[in-house]
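Report on one structure; see the data block that follows.
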Amino acid sequence: MTNMGNVWVYVELNNGQPSQLSLELLGKGRQLADSKKVQLVGLLVGNSLEAAAKAVIGYGADEAICVENPAFTAFDGKIYTKAVEAMVAKYNPNVVLIGGSVNGRELGGRLSAQLNIGLVADCIDCSYASEDDAITWIRPAYTGKLFVKILTTSRPQLATISSKIFRGNAFDAARTGKIIPETLALGALVPGQKVVNFVADEQVTEPSKELTLENAGVVVGAGRGVASKDGMEQVQALAKAIGAGFGVSKPLVDEGWAPHDWQVGITGKQIAPDIYLALGISGSIQHQLGIKEAKLVIAVNTDPEAPIFKRANYGIVGDLFKALPALQEEFKKS
């Protein structure tokens, strides 16, 4: 079949449309497919998939395989795995990328076991690094202190990838592609859950406007340079005063001063604010990977050799607490 050896992205749906994470993976999948001159295929499982399939093509896919069944009203690990397994057996792709969401991680684990193939979890990058069909996967190890390269001997090559790793994939309304409808008989397999009530869009309450690390246009980050929990709270107060989100580097979480939910980095949250203000953060590689999509980085550190200055657009060498009043004043002006 023409689909053999291609790059696949499993497209997770939210309210009938591809999730943001799936769109990010389509961008990376496009790069992989182009590097080997093969096709990029989006795999969708659900009902009434035509609109989502057109979006998938607009975001880079050459083909969209749509597996439909009345049982696919909500994600169910067993039956979704059966659907993906059946399509993999029919079309024989070389690589399958799955978003590292809650459902994606379950699907990846089940698919790995069902097909008896390897699964590389929580990757931060991947590429065809050689002339053969092998993908080189890169993922963090030892809580981000090291990054390892992994090759799998089984096919298809299967991996889960977290959000906000591959950004910048834009929709192209002029793109054309093929939509391939597929049906799947489930036999005696029935969903373990069903939708008993559906809330129409107009009934959905207004999304929360609470400022978070994920949606803040400006984020203030505190690192080891704050020296104490009290110092961290002073930096947190600055974030609140200027209407910014607040995050910390891993050492502050290790000290017990902040919850893991505040951690910025490849083993915490990957963020993409317009401005990231790094105060007392040395800038380990795991932290830098967490802010790689920040548009502008301002760093304050007493060490002129701190790695964060290599990532920063603007840097101040000095005591962060002496810089706080001036920074707050400048942010208020803007």
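A few comments on the model shown:
- One residue stands out in segment 274-316 among those that are of a type outside the set (A, V, I, L, M), assigned to a strand (DSSP E or B) and open to solvent by less than 40 Å² (accessible area, probe 1.4 Å): the one that is farthest from residue 252 (Cα to Cα), namely 276.
Here is a yes/no grid of residues against (1) in contact with a His (Cβ under 7 Å, 6 or more places away or on another chain); (2) aromatic (Phe, Trp, Tyr); (3) more than 22 Å from residue 122 (Cβ to Cβ); (4) at pLDDT 90 or above:
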site	(1), (2), (3), (4)
211	no, no, yes, no
235	no, no, yes, yes
241	no, no, yes, yes
260	no, no, no, yes
267	no, no, no, no
289	no, no, no, no
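- All conditions but one from (1) within 12 Å of residue 94 (Cβ to Cβ); (2) part of a strand (DSSP E or B); (3) not β-branched (Val, Ile, Thr) apply to residue 10; the one that does not is (1).
Residue by residue, here is whether (1) open to solvent by 50 Å² or more (accessible area, probe 1.4 Å); (2) touching a residue at least 12 places away in the same chain (Cβ under 8 Å); (3) closer than 23 Å to residue 269 by Cβ holds:
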residue	(1), (2), (3)
106	yes, yes, yes
126	no, yes, yes
132	yes, no, no
141	no, no, yes
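- Restricting attention to segment 257-273, the residues that are within 15 Å of the chain's Cα centre (by Cα), surrounded by fewer than 23 Cβ atoms within 10 Å (Cβ to Cβ) and of a type outside the set (A, V, I, L, M, F, W, C) total 4.
- In this structure, residue 25 does satisfy being under 26 Å from residue 128 (Cβ atoms), outside any strand (DSSP E or B) and either open to solvent by less than 10 Å² (accessible area, probe 1.4 Å) or without any contact (Cβ under 8 Å) to a residue 40 or more places away in the chain (or both).
- Qualifying residue in segment 37-46 (condition: open to solvent by less than 20 Å² (accessible area, probe 1.4 Å), part of a strand (DSSP E or B), among the hydrophobic types (A, V, I, L, M, F, W, C) and farther than 25 Å from residue 187 by Cα): yes
- Boolean, residue 247 is closer than 24 Å to residue 125 by Cβ and either touching a Gly at 6+ places or on another chain (Cβ under 9 Å) or not aliphatic (A, V, I, L, M) (or both): yes
- Listed by first and then second residue, the pairs linking a residue in segment 213-234 that is of a type in the set (Lys, Arg) to a residue that is open to solvent by 30 Å² or more (accessible area, probe 1.4 Å), with Cβ atoms under 9 Å apart and 6 or more places separating them unless they lie on different chains, are 224/251; 224/255; 224/282; 229/255; 229/256; 229/257.
- Some residue of segment 88-102 being assigned to a loop (DSSP other than H, G, I, E, B), within 13 Å of residue 162 (Cα to Cα), open to solvent by less than 20 Å² (accessible area, probe 1.4 Å) and among the small types (Gly, Ala, Ser): yes
- The single condition among (1) assigned to a loop (DSSP other than H, G, I, E, B); (2) farther than 17 Å from residue 6 by Cβ; (3) of a type outside the set (D, E, K, R); (4) modelled with pLDDT of 90 or more that residue 130 does not satisfy is (4).
- Matching residues, segment 292-322, being of a type in the set (D, E, K, R) and farther than 14 Å from residue 219 by Cα: 303, 305, 310, 311, 319, 322
The values are calculated or read from the model by the stated rules, or taken from the named source; none is laboratory data. Since we're looking at a predicted model, the values are computed, not measured. Neighbour counts are summed over all protein chains in view; Cβ atoms, including those assigned to glycine, are modelled from backbone coordinates with ideal geometry. With ligands, DNA and RNA removed, areas are computed over all heavy atoms of the protein, side chains included. Shrake-Rupley method; radii C 1.70, N 1.55, O 1.52, S 1.80 Å.
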